[in-house]
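Notes for the one structure printed next.
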Amino acid sequence: MSRVLMIGAGGVATVAAFKIAQNTDVFSEFMIASRRKEKCDKLVESIHKAGLNMDIKTAQVDADDVEQLKTLFNSFKPELVINLALPYQDLTIMDACLACGCNYLDTANYEPKDEAHFEYSWQWAYKDKFEKAGLTAILGCGFDPGVSGIYTAYAAKHHFDEIQYLDIVDCNAGNHHKAFATNFNPEINIREITQKGLYYKDGEWIETDPLAVHKDLTYPNIGPRDSYLMHHEELESLVKNYPTIKQARFWMTFGQQYLNYLDVIQNIGMSRIDEVEYEAPLADGSGKTTRVKIVPLQFLKAVLPNPQELGENYEGETSIGCRIRGIKDGKEHTYYVYNNCKHHEAYKETGMQGVSYTTGVPAMIGAMMFIKGIWKKAGVWNVEDFDPDPFMEQLNKQGLPWHEEFDGDLEL
């Protein structure tokens, strides 16, 4: 018997819930909680309409409120909490897990709400607390971060004595037929993309202007795409866990139209995350006004297309992988491991597009690894701290098959 509680009801959570409902041999009791219970109920309805008959409970909770979380956790008593809420809420959920004796898993590391800055230090600081409580916390179990770390661990275990150069490459070659839309929460997405770039080289972190470094990379079944160097959190843990790495970088593709819109959003101040005062009419129709505080980026999120509603007309595919160079038996080798995911196939299975699918499936697999006792040790861990083999096996079974290329041109 296993009892799992998932916080969140967005695109990634929808995919994870579908996959949990497909694996009832592992997951026996399941609850979905979110700020709006009606979203959870709608998600359960869509799962049942797809012919998956798992009994799923729902609940309302404010994930910013530790006391609300504790009340929910003490009532449902989950063995594992899957955090698919906002990155701002990681620490409150971890605090509630510690207070209630629950294990923890997430897909994105903590970042403060008032600062576009993310790193693992805040969550790594919980390591001793989770160890003393005898609880497991698994960080960053999406695709990137997540599968990117599993791919690296698999390469280190099977194909290299030393990994020296690591490039994580993320291409979305899909077309959602919108002028401008983000593939996951617009607030989180735009904060991430507009930050300065950061990469690791020879023991130092090197900062670049946002999206200033780019080059064409060729992706399987897609072709060449302009790829931009960015900061991404998994680099921080991977260079710590694999100290032979001399250089580690993360690359992501963007179309020119997307970048043009992003440039306008920044130039007119709509990417700001600080509060501004605004005179707004009251919603009661009285014609009276009041002074309100709004965060421009949060307002922009409200008017942009909902990422959960992009799937139906989404064409094309994603391609995400690791390009690795290192030493095996005294000789230099290259290795490229990747997955391609078609948006329409993801939509047919879960009603979501491929970006949500590639994050939600690994979250479920990570939960499966914990429930089966394969990934279970007290403390706070990144995914590459665990055995990659059973996870890699499940990727092939759960809809994200991977492919390998040996000793080819990595273009990097």
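Can you list the helices (runs of 4 or more DSSP H) lying wholly within segment 315-409 that have 3 or more residues being loosely packed, with under 15 Cβ neighbours inside 10 Å and out of contact with any Ser or Thr (no Cβ under 7 Å at 6 or more places or on another chain)?
Ranges flagged: 389-398.
Can you tell me which residues in segment 282-300 are polar (S, T, N, Q) and in a helix (DSSP H, G or I)?
Narrowing segment 282-300 to residues polar (S, T, N, Q): 286, 289-290, 298.
Across segment 282-300, the qualifying residue is only GLN298.
Answer with yes or no whether GLU312 is of a type in the set (Asp, Glu), in contact (Cβ under 8 Å) with a residue 12 or more places away in the chain and farther than 29 Å from PRO388 by Cβ.
Judged against the criteria, GLU312 is a match.
For residues that are aliphatic (A, V, I, L, M) and open to solvent by 70 Å² or more (accessible area, probe 1.4 Å), scanning just segment 283-313, find the one that is farthest from VAL15 (Cα to Cα). Give the steps one after another, and end with the answer.
So in segment 283-313, the residues aliphatic (A, V, I, L, M) come out as 283, 292, 294-295, 297, 300, 302-304, 310.
Within this subset, residues satisfying the condition of being open to solvent by 70 Å² or more (accessible area, probe 1.4 Å) are 283, 302-303.
Values: ALA283: 35, ALA302: 22, VAL303: 24 Å.
In this case the residue turns out to be ALA283.
Can you spot a residue in segment 137-154 that is in a helix (DSSP H, G or I), in contact with a Pro (Cβ under 6 Å, 6 or more places away or on another chain), among the small types (Gly, Ala, Ser) and over 30 Å from TYR314 (Cβ atoms)? Quick ask: steps written out before the conclusion?
Step one: list which residues in segment 137-154 are in a helix (DSSP H, G or I), which gives 147-154.
Adding the requirement that they be in contact with a Pro (Cβ under 6 Å, 6 or more places away or on another chain) leaves 147, 150, 153-154.
If we keep only those that are among the small types (Gly, Ala, Ser) too, we end up with 153.
Now restrict to residues that are over 30 Å from TYR314 (Cβ atoms): 153.
Yes: segment 137-154 contains one or more residues that are in a helix (DSSP H, G or I), in contact with a Pro (Cβ under 6 Å, 6 or more places away or on another chain), among the small types (Gly, Ala, Ser) and over 30 Å from TYR314 (Cβ atoms).
With the structure loaded, tell me whether VAL12 is within 19 Å of GLY311 (Cβ to Cβ) and either open to solvent by 10 Å² or more (accessible area, probe 1.4 Å) or not in a loop (DSSP other than H, G, I, E, B) (or both) or whether it fails that test. Break it down into steps so the answer makes sense when it comes.
Numbers: within 19 Å of GLY311 (Cβ to Cβ): yes; either open to solvent by 10 Å² or more (accessible area, probe 1.4 Å) or not in a loop (DSSP other than H, G, I, E, B) (or both): yes.
Considered against the rule, which asks whether it is within 19 Å of GLY311 (Cβ to Cβ) and either open to solvent by 10 Å² or more (accessible area, probe 1.4 Å) or not in a loop (DSSP other than H, G, I, E, B) (or both), VAL12 comes out as yes.
Just need a number here: residues in segment 80-101 that are without any contact (Cβ under 8 Å) to a residue 60 or more places away in the chain and either more than 19 Å from the chain's Cα centre (by Cα) or farther than 21 Å from SER237 by Cα (or both).
Within segment 80-101, residues that are without any contact (Cβ under 8 Å) to a residue 60 or more places away in the chain and either more than 19 Å from the chain's Cα centre (by Cα) or farther than 21 Å from SER237 by Cα (or both) number 8.
Do any strands (runs of 3 or more DSSP E) lying entirely in segment 178-242 carry at least 2 residues that are out of contact with any Lys or Arg (no Cβ under 7 Å at 6 or more places or on another chain), farther than 14 Å from MET252 by Cα and open to solvent by 40 Å² or more (accessible area, probe 1.4 Å), and which ones are they?
Numbers: elements: 197-201, 204-208, 214-219, 223-230.
Answer list for segment 178-242: 204-208.
Can you confirm whether TYR154 is more than 22 Å from ILE371 (Cα to Cα) and either of a type in the set (Phe, Trp, Tyr) or open to solvent by less than 60 Å² (accessible area, probe 1.4 Å) (or both)? Quick ask: steps written out before the conclusion?
Details: more than 22 Å from ILE371 (Cα to Cα): no; either of a type in the set (Phe, Trp, Tyr) or open to solvent by less than 60 Å² (accessible area, probe 1.4 Å) (or both): yes.
Here the answer is no, as TYR154 does not meet what is asked.
Just checking, which of LEU310, LEU229 is closer than 23 Å to ASN109 by Cβ and among the hydrophobic types (A, V, I, L, M, F, W, C)? Lay out the reasoning, then the answer.
Values: LEU310 fails: closer than 23 Å to ASN109 by Cβ.
Criteria check complete, one pass: LEU229.
The values are calculated or read from the model by the stated rules, or taken from the named source; none is laboratory data. These numbers were taken from a predicted model, which means no experiment stands behind them. Counting neighbours? That spans all protein chains shown, and the Cβs are built from the backbone with ideal geometry, glycine included. When the accessible area is computed, the model is the full protein with side chains, heavy atoms only, and any ligands, DNA or RNA have been set aside. Shrake-Rupley method; radii C 1.70, N 1.55, O 1.52, S 1.80 Å.
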